[in-house]
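Working notes, beginning with the structure itself.
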Amino acid sequence: MEILLQTLQTFFGPAWPLVWTLLKIFGIILPLVLCVAYLTLAERKVIGWMQVRIGPNRVGPLGLLQPIADGLKLVFKEIVVPTKASTGLYFVGPAMAFATALAAWAVVPFSEGYVLANIDAGVLYLLAMTSIGIYGVIISGWASNSKYAFYGAMRSAAQMVSYEIAMGFALVCVLMVSASLNLSDIVHGQAKGAFAEMGLGFLSWNWLPLLPMFLVYLISGIAETNRAPFDVVEGESEIVAGHMVEYSGMAYALFFLGEYANMILVSVMTSIFFLGGWLSPVGFLPDSFVWLAGKTCFILFLFLWFRATFPRYRYDQIMRLGWKVFVPLCMFWLLFIGVWMMSPLNIWK
Amino acid sequence: MLENYFPVLVFIIVGIVFGCMPMVLGWLLAPHRPNAEKGSAYECGFEAFEEARLKFDVRYYLIAIIFILFDLEIAFLFPWAAIFKEIVGTPGVKLFGFVEMLVFLGILLIGYVYAWAKGALDWE
């Protein structure tokens, strides 16, 4: 391995840092795209089992080739461009939705030291990328020049910005206790504490002292990605597919992939902010990437479980939950954490 | 310091390439046979009565305005939250640092209560 790296380094010469970065990026993106593909299968399987069905089982053994078949089918489908659409923006929308969902992964720490860009503004970068993702939705809804698409985009934008407030407040609480915007440092901060010294690391993670914020972040994450039960954006019975109604073929596939990539991103973020990232829950097991993957899978499973369980919220209920329940709750908890940290009982020294 | 951000830039560019590639692929591999029916906007089976870019509810606009206020507030809270541990650890500024933010939050809280009372947050 060492020798191989050295040979490559001499071969590329001054361009080596760029090539090495590109290799690392592909090392993140390719497994991610594969995860996205199989998350779609997992969703259909899990919901199938929850409804006492089998789920897809025809393509390949146990239906394992189903995502590949879906992808191939979409590649060969015509990309219909409505005559009234703004052609340029029409294609910018889906590209933007998917590109931002990918680009946010640049700062995700996978394990101790395994992070592409260990930047101190990691949290800000993440927030920026997820916010730009909203533009993809608005642009596509506007460019489609269709009523359904337009209303879907308006709903989606209003819902996403509303829950971004709650998400931001929850993050402020995390920042207060970890004193850093660097994602790796946020994980390191959770490795300390009275419980961690006793070998019960999972009680030292942020989810316990910040329990209401953990729930707010999780629920906001579901609303932010427009997943059930907050999926009025594409409520089939009201506005069909919302902002993607005019899209077909690969242009549609990009929205689909972007949504699932965002789901995985929100799950990883919840694991890092509140569930200790790659830290092991108990003292006698080593910290490793496996823990992060396990926590992420668990939260992804919650996403699917909620979709199979809860009926869809009404739009006014969604807005009320975001503005009238989460915002006051977050403000209160922020003050509570502030007072707690000022008091002698401060556990984050 | 700044070279830490280089991979981020490369990642964004790769992300954009990955965002455009599938559509180029679809454009090259898929058939392309437009016709008037296919190109018409999705409607309930008949010709659209009016343009899609019509007037929409002012409440979306209100939400956007309130969002900007709160998002800015959070942006201002971030640096304070990041050094709050330091504030708590320094006896001289401990109370001052906390009360300053209370004042800031308090002003916003008044605005929030006002918006609530005026019904800007209602969505019936």
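What is the average number of partner chain Cβ atoms found within 10 Å of a Cβ in A:71-83?
What the average comes to for A:71-83 is 5.
How shielded is A:321-328 by partner chains, expressed as the average number of their Cβ atoms within 10 Å of its Cβ atoms?
3
Gain in length, A:GLN6 to A:LEU208, computed as 0.36 nm per residue apart minus the alpha-carbon separation, to one decimal in nm?
Length gained, A:GLN6 through A:LEU208: 68.1 nm.
When averaged across all projection directions, what area in nm² does the alpha-carbon convex hull of chain A cover?
So the mean shadow area of the Cα hull is 21.1 nm².
Could you work out the percent of alpha carbon pairs in the stretch A:258-349 separated by over 16 Å, rounded to a whole number?
71
Which one, A:VAL245, A:VAL75, A:VAL327, has the greatest fluctuation when you compute a Gaussian network model over chain A with C-alpha springs under 10 angstrom?
Maximum fluctuation in the GNM of chain A, among the listed residues, is at A:VAL75.
Work from the charge dipole of the protein assembly as shown (Cβ charges, +1 for Lys and Arg, -1 for Asp and Glu, about the Cα centre) and give the residue of A:LEU65, A:VAL36, B:VAL88 farthest towards its positive end.
Positive-end residue among those listed: A:LEU65.
Write out the trypsin sites (Lys or Arg not before Pro) in the stretch B:28-124 meeting two conditions: DSSP loop, and at most 15 other Cβ atoms within 10 Å of their Cβ.
The qualifying sites are B:ARG53, B:LYS55.
Within 10 Å, at most 15 other Cβ atoms, and a DSSP state outside H, G, I, E, B define an exposed site. Report the longest part of chain B free of exposed chymotrypsin sites (Phe, Trp or Tyr not before Pro).
So the longest stretch without any such site is B:57-124.
So what are the ³J(HN,Hα) numbers for the stretch B:10-16, from phi and the Karplus equation (6.51, -1.76, 1.60; θ = phi - 60°), rounded to whole Hz, Gly and Pro as x?
4, 4, 4, 5, 4, x, 5
Given chain B, report the % of alpha carbon pairs whose separation exceeds 25 Å.
Percent of Cα pairs beyond 25 Å in chain B: 66.
Quick one: of A:LYS324/B:LYS85; A:LYS192/B:LYS85; A:LYS24/A:LYS77; A:LYS73/B:LYS38, which pairs are farther than 24 Å apart, Cα to Cα?
With Cα atoms farther than 24 Å apart: A:LYS324/B:LYS85; A:LYS24/A:LYS77.
Is there a quick way to get the dipole size of the stretch A:165-289? I mean about its Cα centre, with the Cβ of Lys and Arg at +1 and of Asp and Glu at -1; what is the value in debye to the nearest 20?
Dipole size: approximately 460 debye.
Please give me, ordered by residue number, the chymotrypsin sites (Phe, Trp or Tyr not before Pro) of the stretch A:243-349 that lie in loop per DSSP and have at most 11 other Cβ atoms within 10 Å.
A:PHE284
Can you list the aspartates and glutamates whose alpha carbon is less than 19 Å from that of B:LYS118, not counting same-chain residues fewer than 8 positions off?
A:ASP316, B:ASP57
Please compute, for the alpha-carbon atoms of the stretch A:228-278, the extent along each of the three principal axes and give them in descending order in Å.
Here the Cα extents, ordered largest to smallest, are 41, 25, 9 Å.
Taking Cα atoms of the stretch B:58-117, Rg/Rh with Kirkwood Rh, to two decimals?
1.12
Where a number appears in this text, it was derived from the coordinates with a stated rule and is not lab data. Every value quoted in this text rests on a predicted model; they were computed, and no experiment measured them. Cβ sites come from the backbone with ideal geometry, for glycine too, and all protein chains shown count toward neighbours.
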